[in-house]
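For reference, the structure discussed in these notes is given below.
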Amino acid sequence: MDSLDRVVKPKTKRAKGFLEKREPKLSENIKNAMLIKGGNANSAVTQVLRRVYALKKPYGVLYKKKNITSPFEDQTSLEFFSKKSDCSLFMFGSHNKKRPNNLVIGRMYDYHVIDMIELGIEKFVSLKDIKNSKCPEGTKPILIFSGNDFDVTEDYRRLKCLLIDFFRGPTVSNIRLAGLEYVLHFTALNGKIYFRSYKLLLKKSGCRTPQIELEEMGPSLDLVLRRTHLASDDLYKSSMKMPKALKPKKKKNISHDTFGTTYGRIHMQKQDLSKLQTRKMKGLKKQPVERITEDQERKSKRIKKKLMELGKKLVSL
């Protein structure tokens, strides 16, 4: 049995709190990412990992030592580091003659690799190379995806989902306009993926809504899609499964149309419309002649009833 798989009983309060943080929860924690350097990573790949780690702070773990492994051949070391650091996302950087400047980005489910995509770095511009003002660490970015490939091709669709998971940061209930200051833009064009980061500037426009300008601040990457290791449809569905406690309860007799209008069905007892109180109007008042005729009809009905009853009694005698 693996040392990380055994049941550990906490002996201190601190250890108990540490294990409680890792327990399964209804609403999961913010996904942490681990950035691992391969055994033959060059300076360019190392720099990319450091810059991505700067974007992920404080939800990232950077391993500075080299790790001789290959994710597409053997995933045991990645699963070990995932359990050790409690990370469900990873980025692995390596360099060799066959695949130079290589990045592998992936995610875990129950500490097992489900999705893994290999990208090649063709061009890299660091934060230091662009002399502009920077955003503070931990800023939640705005993610923008351009290109038909992200909606048409299956590999690019999974890559888009993976990048959203990797860079989205914590979920927030409210958004402040002044807090929107960081944009990550991904463009899929002619078989390449262009990764750019911008600082969002709000300038005076003479009206209530400010003028928005984008200023490139780095890092920027030109990437090429290489190998992919995608999960099967069944495994992918099971990883996306929502707990029953979080599922919204179905409300009976309520429906919605295409425009979002809510319709409700009310169940009532049968009403006697003759006793229904309507709006009184002078024009709708009954005339004396109508009242006399109604009274005569009622009297005739009563007389007929009495005669019928008398007839039944005489027949019985």
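Values for this structure:
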| read-out | value |
| --- | --- |
| Probe 1.4 Å, accessible area per residue of the chain, Å² | 74 Å² |
| Cα long-axis angle, helix 43-56 against the chain (0 to 90 degrees, to the nearest 10) | 30 degrees |
| Gain on full stretching of the segment that runs from K65 to M242 - 0.36 nm per residue minus C-alpha separation | 60.0 nm |
| Of all DSSP beta bridges in the chain, antiparallel share, percent nearest 5 | 75 percent |
| Cα-projected label distance for K249 with N190, points at 7 Å along beta-carbon direction, nm | 5.7 nm |
| 0 to 90° range, to nearest 10: angle between helix 76-85 axis and the chain longest Cα axis | 70 degrees |
| The chain - percent relative contact order, Cα under 8 Å, separation 6 or more | 14 percent |
| Gyration tensor (alpha-carbon) shape descriptor, the range 38-179, a/c threshold 1.5 | rounded |
| Cα gyration tensor, the range 36-95 - rounded (a/c under 1.5), prolate or oblate | oblate |
| The range 29-233, accessible surface, carbon-and-sulfur percent (1.4 angstrom probe) | 51 percent |
| Computed Kirkwood radius, in angstrom, where 1/r is averaged over Cα pairs of the chain | 25.8 Å |
| Proximal charge balance of M108 [Cβ under 11 Å; K/R count +1, D/E count -1] | -2 |
| Alpha carbon centroid spacing (whole Å) that separates the range 18-78 from the range 129-190 | 19 Å |
| Length released on extending from C135 to S77, taking residue separation times 0.36 nm less the Cα-Cα span | 17.5 nm |
| Mean ellipticity per residue at 222 nm, deg cm²/dmol - from DSSP H runs of n ≥ 4 across the chain, formula -39500 (n - 2.57) | -8500 deg cm²/dmol |
| Test item: Cα-centred dipole of the chain, Lys/Arg +1 and Asp/Glu -1 on Cβ, debye | 2660 debye |
| Angle between the chain longest axis and helix 154-167 axis [Cα atoms, degrees, rounded to 10] | 80 degrees |
| Approximate shape of the range 158-279 as ellipsoid semi-axes (Cα gyration tensor, √5λ), whole Å, largest first | 48, 28, 13 |
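The values are calculated or read from the model by the stated rules, or taken from the named source; none is laboratory data. Computed from a predicted model, the values in this text were never measured in an experiment. Note that each Cβ is placed from the backbone with ideal geometry, even for glycine, and that neighbours are counted across all protein chains shown. Surface accessibility is based on the protein's heavy atoms, side chains included, excluding ligands, DNA and RNA. Shrake-Rupley method; radii C 1.70, N 1.55, O 1.52, S 1.80 Å.
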